[in-house]
1. Report, by residue number, each residue of segment 3-19 that is crowded, with 17+ Cβ neighbours inside 10 Å and either touching a strand residue (DSSP E or B) at 6+ places or on another chain (Cβ under 9 Å) or over 13 Å from residue 53 (Cβ atoms) (or both).
2. Quick test for you: out of 64, 8, 30, pick the one residue that is in a helix (DSSP H, G or I) and over 17 Å from residue 142 (Cβ atoms).
3. Against the conditions (1) in a helix (DSSP H, G or I); (2) touching a residue at least 24 places away in the same chain (Cβ under 8 Å); (3) more than 25 Å from residue 90 (Cα to Cα), where does residue 59 fall short? Just the number, please.
4. Kindly list the number of the only condition in (1) surrounded by 21 or more Cβ atoms within 10 Å (Cβ to Cβ); (2) under 27 Å from residue 121 (Cβ atoms); (3) more than 12 Å from the chain's Cα centre (by Cα) that fails for residue 87.
5. On the given criteria, is residue 41 free of Cβ contacts under 8 Å to residues at least 60 places away in the same chain and surrounded by fewer than 21 Cβ atoms within 10 Å (Cβ to Cβ)?
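Only the coordinates and a few stated rules stand behind these numbers; no lab work does. All values reported here derive from a predicted model rather than from experimental measurement. Positions of Cβ are backbone-derived with ideal geometry, glycine not excepted, and every protein chain shown enters the neighbour counts.
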């Protein structure tokens, strides 16, 4: 397989993951949590890197594509661990961050509270035991391998 084909596969892979995430959000109605959104940015960077490379950019950029895919893979696996309660997640988006004991009765009954709050430690969708975050981790790790193959190919 040529270097250009590998770059195309990696770029389209990140595009597919990103489009899938937006599909789940806008078509499926599954709102993303804060960590879900964090996982999207490296995919966007990998797509941009891939497009630059396909247009003749320097070969060194393929290593940045691998880094971007690696970052989103790491975030995906970390997020999945938060969902499975293997380790704590950020207080700002997990159940532990909601100190309901410190809230007044009027705060709890307030109609001004944000709607559609999605906690990072709740699994809203899974397939074969893996959440969306877990699947992002697995798929993105595969993309890291493709990017490395592209970077090493002459």
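1. 13, 17, 18
2. Details: 8 fails: over 17 Å from residue 142 (Cβ atoms); 30 fails: in a helix (DSSP H, G or I).
Exactly one of 64, 8, 30 is in a helix (DSSP H, G or I) and over 17 Å from residue 142 (Cβ atoms), namely 64.
3. Of everything listed in (1) in a helix (DSSP H, G or I); (2) touching a residue at least 24 places away in the same chain (Cβ under 8 Å); (3) more than 25 Å from residue 90 (Cα to Cα), residue 59 misses just condition (1).
4. With respect to (1) surrounded by 21 or more Cβ atoms within 10 Å (Cβ to Cβ); (2) under 27 Å from residue 121 (Cβ atoms); (3) more than 12 Å from the chain's Cα centre (by Cα), residue 87 is out only on (1).
5. Yes: the conditions hold for residue 41.
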